[in-house]
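The values are calculated or read from the model by the stated rules, or taken from the named source; none is laboratory data. The model shown is predicted, which means the values in this text are computed figures rather than measured ones. Glycine also receives a Cβ, built like all others from the backbone with ideal geometry; neighbour counts cover every protein chain displayed. To get the accessible areas, we keep the full protein, side chains included, count just its heavy atoms, and leave off ligands, DNA and RNA. Shrake-Rupley method; radii C 1.70, N 1.55, O 1.52, S 1.80 Å.
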Amino acid sequence: MQELDEKSRQYLLNSIRDINDFPKPKVVFKDITTLLNNKVAFNMLLDHLSSRYNNKNIDFIAGIESRGFIFGGALCARLGIGFIPIRKPGKLPYMTISQKYSLEYGVDEIEIHVDAFSGIDKARVLLIDDLIATGGTAKASVDLIKQAGGNCIEACFLIDLINLGGSRDLKKIVNVYSVLEV
Ligand code: AMP
């Protein structure tokens, strides 16, 4: 596996911009569109992730809506494996399993198709999203993967907002890998 050297890590970090007070006051939104439209940064990230995951016998990548679709889909194409979307309620057309999770104020929900991993017993699944904050979305996603019969072998994030403690909690139930800790 090819480790990410400090220069590359810094380059990736600099390719992401902070947007203050988006989508609401006091939130610093990590805008990854400036990494996506930078071909050097996007390829550097995909080279790194494909080298990390290409010998791990992964059957599927499950990506969390919506930025997890971009990284997950691109990595699937590199690894030659299938992609599973984890979506907001009412978006997936076939029968679904859903999981509610708590937000700071209120509750949210995500869904997966019941037959997402059909055909492969205990499919080895990599979960991917752009960012982990409180970890609520990721934990609900790991639960969904289990309920659908998959075996989540790792949860991978481009950015980990470590002060919010989400990855620390998630590590209690699954391996976690974050490319950049902020
Ligand atoms: P959480 O469930 O709190 O870990 O939130 C993770 C989800 O919310 C991910 O899908 C992120 O894309 C999004 N998210 C949360 N906080 C931020 C932030 N500061 N910048 C960009 N995306 C965020």
- Item | Pick from the stretch 74-88, criterion in contact (Cβ under 8 Å) with a residue 12 or more places away in the chain and small (Gly, Ala, Ser), ranking: surrounded by the most Cβ atoms within 10 Å (Cβ to Cβ) | Ala74
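Taking the stretch 152-176, which residues are open to solvent by less than 60 Å² (accessible area, probe 1.4 Å) and over 14 Å from the mean Cα position of the chain (by Cα)? Explain how you work it out, then say what you get.
Keep residues of the stretch 152-176 that are open to solvent by less than 60 Å² (accessible area, probe 1.4 Å), which gives 152-161, 165-167, 170, 174, 176.
Gly165, the sole residue that qualifies.
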- Note on the structure: Residues of the stretch 138-148 being open to solvent by 40 Å² or more (accessible area, probe 1.4 Å) and without any contact (Cβ under 8 Å) to a residue 40 or more places away in the chain, in sequence order, are Lys139, Lys146
- Filtered residues of the stretch 123-137 (kept if open to solvent by less than 10 Å² (accessible area, probe 1.4 Å), farther than 15 Å from Val179 by Cβ and assigned to a strand (DSSP E or B)): Val125
- Query: Is one or more of the residues making up the stretch 49-60 assigned to a loop (DSSP other than H, G, I, E, B), of a type in the set (A, V, I, L, M, F, W, C) and surrounded by 16 or more Cβ atoms within 10 Å (Cβ to Cβ)?
  - Reply: yes
- Single match in Ser141, Ser167, Ser178 (criterion: touching a strand residue (DSSP E or B) at 6+ places or on another chain (Cβ under 9 Å), farther than 15 Å from Ile86 by Cα and in a helix (DSSP H, G or I)): Ser167
- Selection from the stretch 89-113 of residues open to solvent by 60 Å² or more (accessible area, probe 1.4 Å), more than 16 Å from the ligand (Cβ to nearest atom) and either at negative phi or not in a loop (DSSP other than H, G, I, E, B) (or both) yields Pro93, Tyr94, Met95
